[in-house]
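Heads up, the thing below is written out as structure tokens.
The values are calculated or read from the model by the stated rules, or taken from the named source; none is laboratory data. In this text, all values refer to a predicted model and were calculated from it rather than measured experimentally. Heads up, the Cβs are rebuilt from the backbone with ideal geometry, glycines too, and the neighbour counts pull from every protein chain shown. When the accessible area is computed, the model is the full protein with side chains, heavy atoms only, and any ligands, DNA or RNA have been set aside. Shrake-Rupley method; radii C 1.70, N 1.55, O 1.52, S 1.80 Å.
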Amino acid sequence: MNKRISDFDAGLMLTLDALLKDKNVTHAAARLNITQSALSARLTRLRQLLNDPLFIPAASGRGMIATPHAAALEPELGRLLERFNDFVNTAHLFDPATSKRIFRIAATDNPAAILAPDLIPLFQARAPLAKIAFTLPDKARIAEHLENGDVDLFVGAAEDAAPDLIAQTLFQEEFVTAQRRGHPRGSEAITLEEFCDADHLLISTSGGHFSGMIDDALAEAGRERRVSVSIQSYALAPLVLSSTDCICTLPRRFLQRFEDTLDLFAPPLALSIFSMNLFWHPKMRTDPAHMWLRKLVMEVAKTTTR
């Protein structure tokens, strides 16, 4: 009799397993939380498919005895159910202590510089075998990259992401102005006149520009500043500031890491507070590994002092 794998289902396999364990219809039905008649129907179907009675009444009248064919099936059935259980649970189990998964976070220089110094050591402590990569986002294709799994998370401003992505606010940030310790200007609060007369360092993430949002805010007040140095990397900013008389206005969470070599001041003009958001694709909503990573990033964002 030709048997197809489609003739068998998990219910039949579990029924055979329960009967082999209990040798009793009543107990096996209770184990499976089904009625005795439902179990008897499954047993009839198993007998037809396997062309064997499988179980016969015990001489004592209590319970049943497995036939040699049923007994021969028991070890392989156990292994099969174990493998099936592993298959069902694979996507729903994540152990950071043993995982070797690679996680990728797309973030521009600013949020990466704010999050990475705290996130990376915490990640390594909790997932010592896993790997994490920070990559620069292609904002025009970020939704596609998240959907394809090329990137797990994207950190950016609200206007940087597609509307069909899930978003959660990481933190709100304010700007401060920094200068090196021992700056000839002194260490008192900076005035608007001093601000406009100073040499400024500007970070141009696209490279080579000497004007930005600070200049737009000054222009609204009828003022302007002198940007004498433009760099493309946040990481370079503290090094340039510590070795020149330039001043620079950047997010507080980034600059406060360098307070041992820099003085920080409130800018002498009104600058809006901005939000930094975490984005991911809806298909990853319930993925345990992804949920773990999101929780870790949120934990770091909340514990980063202001």
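Given H placed 1.01 Å from N in the peptide plane, which residues other than close sequence neighbours of A162 have an amide H under 5 Å from its amide H?
A143
I'd like the carbon and sulfur percentage of the solvent accessible area for the chain, probe radius 1.4 Å, heavy atoms only, ligands and nucleic acids excluded.
With neighbouring chains kept in place, the figure for the chain is 54 percent.
Once phi is turned into θ = phi - 60°, what whole-Hz ³J(HN,Hα) does the Karplus curve with 6.51, -1.76 and 1.60 give for every residue of region 176-186, x standing for Gly and Pro?
10, 9, 10, 9, 6, 4, x, 4, x, 5, x
Relative to the longest principal axis of the chain, what angle (0 to 90°, nearest 10) does the C-alpha long axis of helix 288-303 take?
Approximately 30 degrees, to the nearest ten.
Compute the FRET efficiency between Q48 and L93 as 1/(1 + (r/R0)^6), taking r as their Cβ-Cβ distance and R0 = 45 Å, and round to the nearest 0.05.
Numbers: r = 36 Å, r/R0 = 0.80.
The value I calculate is 0.80.
Once R0 is set to 51 Å, what does the formula 1/(1 + (r/R0)^6) return for the Cβ-Cβ distance between A219 and R101, expressed as a FRET efficiency to the nearest 0.05?
0.60
Name the residues whose placed amide hydrogens come within less than 5 Å of the amide hydrogen of R104, ignoring near sequence neighbours (fewer than 5 apart) on the same chain.
Close amide H contacts, sequence-distant or interchain: A133, D152, L153.
Please name which of A217, C196, A66 has its Cα lying farthest along the dipole of the chain towards the positive end, using unit charges on Cβ (Lys, Arg +1; Asp, Glu -1) and the Cα centre as origin.
Projecting each Cα onto the dipole axis, the largest value belongs to A66.
Can you tell me which of 165-175, 264-274 comes out highest on packing, and rank the rest after it, using the mean Cβ neighbours within 10 Å?
Put in order of decreasing packing, that is 165-175, 264-274.
What is the angle, in °, between the Cα long axis of helix 68-89 and the longest principal axis of the Cα atoms in the chain? Nearest 10 is fine, range 0 to 90.
10 degrees
Given C-alpha coordinates of region 1-132, what is the ratio Rg to Rh with the Kirkwood estimate of Rh?
Details: Rg = 24.4 Å, Rh = 18.7 Å.
Here Rg/Rh amounts to 1.30.
Show the residues, 5+ positions off or on another chain, whose built amide H is closer than 5 Å to the amide H of L262.
For L262, whose amide H was placed from the backbone, the distant partners under 5 Å are R181.
Leaving out ligands and nucleic acids, note down the accessible area per residue over the chain with a 1.4 angstrom probe, in whole Å².
Accessible area per residue, the chain: 54 Å².
About the Cα centre of region 153-304, what is the dipole size in debye to 20, counting +1 per Lys and Arg Cβ and -1 per Asp and Glu Cβ, all else neutral?
Dipole of region 153-304, to the nearest 20 debye: 640 debye.
Each label point is 7 Å from the Cα along the Cα-to-Cβ direction; what then is the distance between the points at L80 and E159, in nm?
My value for the distance between the label points is 6.1 nm.
Kirkwood hydrodynamic radius, region 178-256, all distinct C-alpha pairs: what's the number in Å?
13.0 Å
Could you give the Stokes-Einstein D for region 104-178 in µm² per second, using the C-alpha Kirkwood radius, 37 °C, 0.692 mPa s?
Using the Kirkwood radius from Cα pairs, D works out to 241 µm²/s.
What's the angle, to the nearest 10 degrees (0 to 90), between helix 36-50's Cα axis and the longest principal axis of the chain?
80 degrees
Please compute the net charge surrounding D263, taking Lys and Arg as +1 and Asp and Glu as -1 over other residues with Cβ under 11 Å from its Cβ. Can you show the working numbers first?
On the way: positive: R180, R181, R185; negative: E188, E259, D260.
Summing Lys and Arg as +1 and Asp and Glu as -1 gives 0.
Along its three principal axes, how long is region 51-107 when you only count alpha carbons? Whole Å, largest extent first please.
72, 23, 15
Percentage of Cα-Cα pair distances in region 219-301 greater than 21 Å, rounded to whole percent?
When all Cα pairs of region 219-301 are counted, 53 percent exceed 21 Å.
Among I142, L43, V176, whose Cα sits farthest toward the positive end of the charge dipole of the chain (+1 at Cβ of Lys/Arg, -1 at Cβ of Asp/Glu, about the Cα centre)?
The one lying farthest along the dipole's positive direction is L43.
Once phi is turned into θ = phi - 60°, what whole-Hz ³J(HN,Hα) does the Karplus curve with 6.51, -1.76 and 1.60 give for every residue of region 133-138, x standing for Gly and Pro?
Working through the residues one at a time gives 10, 9, 10, 6, x, 8 Hz.
Under the Kirkwood approximation for Rh and a Cα-based Rg, what ratio Rg/Rh is obtained for the chain?
1.30
Find the lysine pairs in the chain meeting two conditions, Cα atoms under 20 Å apart and a separation of 8 or more places or different chains, and report how many there are. It would help to have the intermediate numbers written out before the result.
Numbers: K100/K131; K100/K295; K131/K295; K139/K283; K283/K295.
Number of lysine pairs found: 5.
Could you tell me the calculated FRET efficiency between E299 and I166, based on Cβ-Cβ distance and R0 = 25 angstrom, to the nearest 0.05?
Details: r = 18 Å, r/R0 = 0.72.
After rounding to 0.05, the efficiency reads 0.90.
How much of the calculated P(r) for region 150-306 lies past 18 Å, in percent of all Cα pairs?
So the pairs more than 18 Å apart make up 64 percent of the total in region 150-306.
Pairs of Cα atoms under 8 Å, at least six residues apart: use those to get the relative contact order of the chain, whole percent. Working shown, then result.
Values: 440 pairs, mean separation 60.3, N = 306.
Relative contact order for the chain comes out at 20 percent.
For region 271-280, take each phi angle, set θ = phi - 60°, evaluate the Karplus expression 6.51 cos²θ - 1.76 cosθ + 1.60, and give the result in whole Hz per residue in order, putting x for glycine and proline.
Working through the residues one at a time gives 10, 5, 6, 10, 9, 10, 10, 10, 10, 8 Hz.
Going by average Cβ density within 10 Å per residue, which order do the peptides 58-65, 225-232, 145-152 take, highest to lowest?
For the peptides 58-65, 225-232, 145-152, the packing ranking is 145-152, 225-232, 58-65.
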